[in-house]
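For reference, the structure discussed in these notes is given below.
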């Protein structure tokens, strides 16, 4: 029987904030490290309307930003009252697409001290999958997960082991209401146009998931999000015996069609009088419902199951995976960062053996030089590893300036499990492992807006530069490296593969980094070999 230590048996609290297009949500979860589970201690939602962009600038409005910052302040205080171990904050489509995204995130940092992770569409889909899976057993059955948000719709094909297809489409309830709904109730021709637009927008996502459904499989459709839950509430409210909870509630396509026909005939005022709907949901329920209806038609499914869990729970699950607090059906997802990096290594035909040597040496230098070459407390280690594995991916485009091409390929590739800020840092670390140091005019440097992130990139890039410097030849000649640090020096000793093997080339290359080490850290770099 496994013995559980006192520290492992103590429950702890984790909070997740989801800054969405229509609303900002807070979730406080009570995590049981011994049982490796979590329960919801608190769930709060405030409508902040970030998706109602300024018409001229296509940016977040001052009113919406002020309201969101006040909400975040309140949520931070609530989370702190639970003495949370970690406060995870993520923003989705409304923020990532806004012209003033950077200014808003900096304002949140300056006023509240919160670092907001800008989540990409694909990463958002992965987190939704984790959240749904945490509250619903999939087993070996394939499931289609549909999340209709304010600014985007995520469609995922997955089973209990992994997500087979992750898609995100820029069509959402708030976006459609803002761009297309000028008259309400919708005229018939406008409704038909909207349905055609939704279908055209979703076709690539539907095609992708359908191609990955195995022969003989009939996936179960799971719907999550405010739109799906609101529609479920409306249907349930008409039942003789309403269900006690909506999680797991089954909704038929026929029920959805009948409900939409009624909603389409109503004015906004009439929809606001429906008890399950708040004022804002009443405004966007029709375009959201049309997305749900059109998707079901495109997938050819007759019913769906509602899930109350989604992105916020996914943030909690992802944190628990990183801390080694989840096993069983999440075991495959726990190594998502490594798997996505290895996928990119294969995609860009990187010499994997050589990149692994560089990565291993980079981590050895990192572990031995905390407080000397870097002051990172652990966050940068995985970023350094990823950058080391992918630093040479641009070589097949142009060898002389491959670091620039590596930055571009990493920057625009998929790195699941990494936030957008972490993704940008991985790309920048790879960019600055050779040649020039960061300059203000560099696009790679401009994308890193956080001062602490820039410091981390600079330190990790210096370590990667050293690791690359000692791997000049296609075949390995170094069996290991030894690193020692004192107040004024960093000493790196190279151990050859074979006795009496000359490492003059590697020593010369490493010494070429001496001036940069001294300039960056004030320490002298000593290089030797056995």
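Any idea how many residues of region 426-449 are touching a residue at least 12 places away in the same chain (Cβ under 8 Å) and within 15 Å of residue 465 (Cα to Cα)?
Residues in region 426-449 being touching a residue at least 12 places away in the same chain (Cβ under 8 Å) and within 15 Å of residue 465 (Cα to Cα): 12 in total.
Keeping to region 243-279, report how many residues are surrounded by fewer than 13 Cβ atoms within 10 Å (Cβ to Cβ), modelled with pLDDT under 90 and over 24 Å from residue 18 (Cβ atoms).
Qualifying residue count for the region: 2.
Take the conditions part of a helix (DSSP H, G or I) and either loosely packed, with under 15 Cβ neighbours inside 10 Å or modelled with pLDDT of 95 or more (or both) and apply them to residue 8. Does it pass?
For residue 8, the condition - part of a helix (DSSP H, G or I) and either loosely packed, with under 15 Cβ neighbours inside 10 Å or modelled with pLDDT of 95 or more (or both) - is met.
Quick check on residue 528: is it in a strand (DSSP E or B) and exposed (fewer than 13 other Cβ atoms within 10 Å of the Cβ)?
For residue 528, the condition - in a strand (DSSP E or B) and exposed (fewer than 13 other Cβ atoms within 10 Å of the Cβ) - is met.
Given the conditions (1) more than 27 Å from the chain's Cα centre (by Cα); (2) modelled with pLDDT of 95 or more; (3) in a helix (DSSP H, G or I), report the number of the one that residue 313 does not fulfil.
Result: residue 313 passes all but (1).
Quick one: would you say residue 215 is more than 24 Å from the chain's Cα centre (by Cα) and farther than 24 Å from residue 261 by Cα?
yes
Taking residue 122 as the residue in question, decide whether it is under 22 Å from residue 210 (Cα atoms), touching a residue at least 24 places away in the same chain (Cβ under 8 Å) and surrounded by fewer than 19 Cβ atoms within 10 Å (Cβ to Cβ).
Spelling it out, residue 122 is indeed under 22 Å from residue 210 (Cα atoms), touching a residue at least 24 places away in the same chain (Cβ under 8 Å) and surrounded by fewer than 19 Cβ atoms within 10 Å (Cβ to Cβ).
Just wondering, is there one or more residues in region 478-492 that are touching a strand residue (DSSP E or B) at 6+ places or on another chain (Cβ under 9 Å), exposed (fewer than 12 other Cβ atoms within 10 Å of the Cβ) and more than 26 Å from residue 432 (Cβ to Cβ)?
no
Are any of the residues in region 443-459 surrounded by 13 or more Cβ atoms within 10 Å (Cβ to Cβ), at pLDDT below 95 and within 25 Å of residue 526 (Cβ to Cβ)?
Within region 443-459 (the criterion being surrounded by 13 or more Cβ atoms within 10 Å (Cβ to Cβ), at pLDDT below 95 and within 25 Å of residue 526 (Cβ to Cβ)), the answer is no, since none of the residues qualifies.
Could you tell me whether any residue of region 502-525 is touching a strand residue (DSSP E or B) at 6+ places or on another chain (Cβ under 6 Å), assigned to a loop (DSSP other than H, G, I, E, B), surrounded by fewer than 13 Cβ atoms within 10 Å (Cβ to Cβ) and in the same structural domain as residue 359 (by TED's automatic domain parsing)?
No, because not a single residue in region 502-525 is touching a strand residue (DSSP E or B) at 6+ places or on another chain (Cβ under 6 Å), assigned to a loop (DSSP other than H, G, I, E, B), surrounded by fewer than 13 Cβ atoms within 10 Å (Cβ to Cβ) and in the same structural domain as residue 359 (by TED's automatic domain parsing).
If a residue has to be more than 16 Å from residue 529 (Cβ to Cβ) and part of a loop (DSSP other than H, G, I, E, B) to count, how many in region 468-494 make the cut?
Qualifying residue count for the region: 5.
For region 283-299, check the following and say yes or no: at least one residue is out of contact with any helix residue (DSSP H, G or I) (no Cβ under 6 Å at 6 or more places or on another chain) and either part of a loop (DSSP other than H, G, I, E, B) or more than 21 Å from residue 149 (Cα to Cα) (or both).
No, every residue in region 283-299 fails to be out of contact with any helix residue (DSSP H, G or I) (no Cβ under 6 Å at 6 or more places or on another chain) and either part of a loop (DSSP other than H, G, I, E, B) or more than 21 Å from residue 149 (Cα to Cα) (or both).
Restricting to region 33-74, give me the number of residues that are more than 24 Å from residue 322 (Cα to Cα) and either assigned to a helix (DSSP H, G or I) or out of contact with any helix residue (DSSP H, G or I) (no Cβ under 7 Å at 6 or more places or on another chain) (or both).
Count: 22.
Would you pick out the residues in region 75-86 that are crowded, with 19+ Cβ neighbours inside 10 Å and either under 20 Å from the mean Cα position of the chain (by Cα) or in a helix (DSSP H, G or I) (or both)?
If the condition is that a residue be crowded, with 19+ Cβ neighbours inside 10 Å and either under 20 Å from the mean Cα position of the chain (by Cα) or in a helix (DSSP H, G or I) (or both), then 75, 76, 79 are the ones that fit.
The values are calculated or read from the model by the stated rules, or taken from the named source; none is laboratory data. Computed from a prediction, not measured in an experiment: that's the story for all the values here. Every residue, glycine as well, gets a Cβ built from its backbone with ideal geometry; the counts of neighbours run over all protein chains shown.
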